[in-house]
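Asks: Let me give you the structure first, and then I'll get to my questions.
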Amino acid sequence: MSQGPTSLPPRSETRKASKPQSNKGNKPKKPKKKRTLLKVFFVLFFGLLLTAAGLITYLGFKATDAIETIGLDETQATEVPAGESVKDKPVAFVLMGLDSREHGGTLNTDVMMVAAFNPKTKKATVVSIPRDTYIDVEGYRARKANRFYADFYTVAKRDNGLEKEAADLEGKKAVKDVMSKLFGIDIKYAGIINFKGFSDVVDALGGVQVNVDIRMKYTDNADGTDIDLQPGYQLLNGEDALDFVRYRKSKDGTNMSSDFDRNRRQSEVLSALVDKMMSLGGITKIGSVIDSVGNNVTMDMPSKEITRMLQKYMSIRSDDIEFIALEGVWRSPNVYVNEDSLAQARAALQAKMAE
């Protein structure tokens, strides 16, 4: 994919469309409450750190410090037995995205994904879960997917008096258990990524070139949203790239966007960023990328295991990742997942864990 100009376009500049696209397939859809989807950043997180693995010697303590910030230290983590490490055995994660912006941020995990990695094939399967998916598994009160972390975090902190970090671990533990039961696999680790991390990574890599498929215009003073993108193939800075992947609709009811449209955009951005990161130009900026990831990601994974995973999967590319999106129907206020779609996702994750 072409890298385009080396400088980022200013936020306020109106970009001209070099390859205008038609608006076909953008059928009006019943509006939902606006929430950001950052599925792309979850898998990108691994790509960023995996690239960093090959540069640990060059970057020295920078990469080590970032990994220690992201993961659990020896006093918090349980030692991983021989043969059970991520470098030897398949591992599954649940990955969540939080809106941590000053205005409009909540504890609801607006994006959720389950990812399975296999060290023999060095490939991964990633399943995206709509935030409003109604989940009913044994041992838990049924609720939307995005409520589990928030509810268990709140109980741990407010009702049980735990500190923020301990409450965070309780919330992650609950989500891992719920998703393990939903997909029939052992999900060992959980990670959380915030909006700021996505924007920072894009900027650290000098922007990302994508095709903006439709005119995107949406403002919301309550949370500071100001999406204003012209259609066409162009270089986007971090803030604009975030707008591109999160766009849902315009306020005048035109240029509506479906979940399928957003999934396609997110995959496009992911592929472009991973490929750019693995290029010579991206490698020269890896120090800034590591800073961006380290400041915006937390995992309940031992720091030593993160390093081992980086070393094992350092050659992974976007072509090595299978993406599956759960499908279903929207009946306000929930998404009810199609059983065939859920069965396909279960089978794919279980197969990846068994390879």
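Results for (1) modelled with pLDDT of 95 or more; (2) part of a helix (DSSP H, G or I); (3) touching a Lys or Arg at 6+ places or on another chain (Cβ under 7 Å), shown as yes or no for each residue.
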| residue | (1), (2), (3) |
| --- | --- |
| Asp110 | no, no, yes |
| Phe117 | yes, no, no |
| Val126 | no, no, no |
| Tyr134 | yes, no, yes |
| Val137 | yes, no, yes |
| Phe148 | yes, yes, no |
| Phe152 | yes, yes, no |
| Ala156 | yes, yes, no |
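Asks: Looking only at residues that are out of contact with any Ser or Thr (no Cβ under 6 Å at 6 or more places or on another chain) and in a helix (DSSP H, G or I) in segment 310-327, which one is nearest to Arg346 (Cα to Cα)?
Replies: Asp320
Asks: Can you go through Asp168, Asp110, Asp132, Asp177 and tell me which one is charged (D, E, K, R) and farther than 30 Å from Asp320 by Cα?
Replies: Asp168
Asks: Could you list, in sequence order, the residues of segment 168-194 that are within 18 Å of Ala150 (Cβ to Cβ), out of contact with any helix residue (DSSP H, G or I) (no Cβ under 6 Å at 6 or more places or on another chain) and assigned to a helix (DSSP H, G or I)?
Replies: Asp168, Leu169, Lys172, Lys173, Lys176, Asp177, Met179, Leu182
Asks: Quick check on this structure: which one of Met299, Met314, Met353, Met309 is of a type outside the set (Gly, Ala, Ser) and at pLDDT 95 or above?
Replies: Being of a type outside the set (Gly, Ala, Ser) and at pLDDT 95 or above holds for just one of Met299, Met314, Met353, Met309, which is Met353.
Asks: Say we look at segment 328-346 and pick out the residues that are assigned to a strand (DSSP E or B) and touching a residue at least 12 places away in the same chain (Cβ under 8 Å); which of these is surrounded by the most Cβ atoms within 10 Å (Cβ to Cβ)?
Replies: Looking at residues that are assigned to a strand (DSSP E or B) and touching a residue at least 12 places away in the same chain (Cβ under 8 Å), I get Val335.
Asks: One residue is enough: does segment 212-220 have a residue meeting the conditions within 29 Å of Asp261 (Cβ to Cβ), among the polar types (S, T, N, Q) and in a helix (DSSP H, G or I)?
Replies: no
Asks: Now for a different question. As an exercise: evaluate Val201 against (1) buried (at least 22 other Cβ atoms within 10 Å of the Cβ); (2) of a type in the set (A, V, I, L, M); (3) within 20 Å of Leu326 (Cα to Cα) and give the number of the one condition it does not meet.
Replies: (3)
Asks: Under 7 Å between Cβ atoms, which residue pairs at least 6 apart in sequence (or on different chains) link something in segment 160-179 that is without any contact (Cβ under 8 Å) to a residue 12 or more places away in the chain with a partner that is surrounded by 15 or more Cβ atoms within 10 Å (Cβ to Cβ)?
Replies: Leu162/Ala156; Leu162/Glu170; Lys164/Lys157; Ala166/Ala156
Asks: Please tell me if Leu349 is of a type outside the set (Gly, Ala, Ser), part of a helix (DSSP H, G or I) and buried (at least 20 other Cβ atoms within 10 Å of the Cβ).
Replies: The answer is yes for Leu349.
Asks: Which one of these is under 30 Å from Glu355 (Cβ atoms) and small (Gly, Ala, Ser): Ala190, Ala167?
Replies: Ala190
Asks: Across segment 151-198, what is the number of residues that are of a type in the set (Gly, Ala, Ser), closer than 30 Å to Arg346 by Cβ and surrounded by fewer than 16 Cβ atoms within 10 Å (Cβ to Cβ)?
Replies: 1
The values are calculated or read from the model by the stated rules, or taken from the named source; none is laboratory data. Treat the numbers as computed from the prediction; the structure is a model and nothing was measured. With ideal geometry, Cβ positions are generated from the backbone for all residues, glycine too; neighbour counts draw on all protein chains shown.
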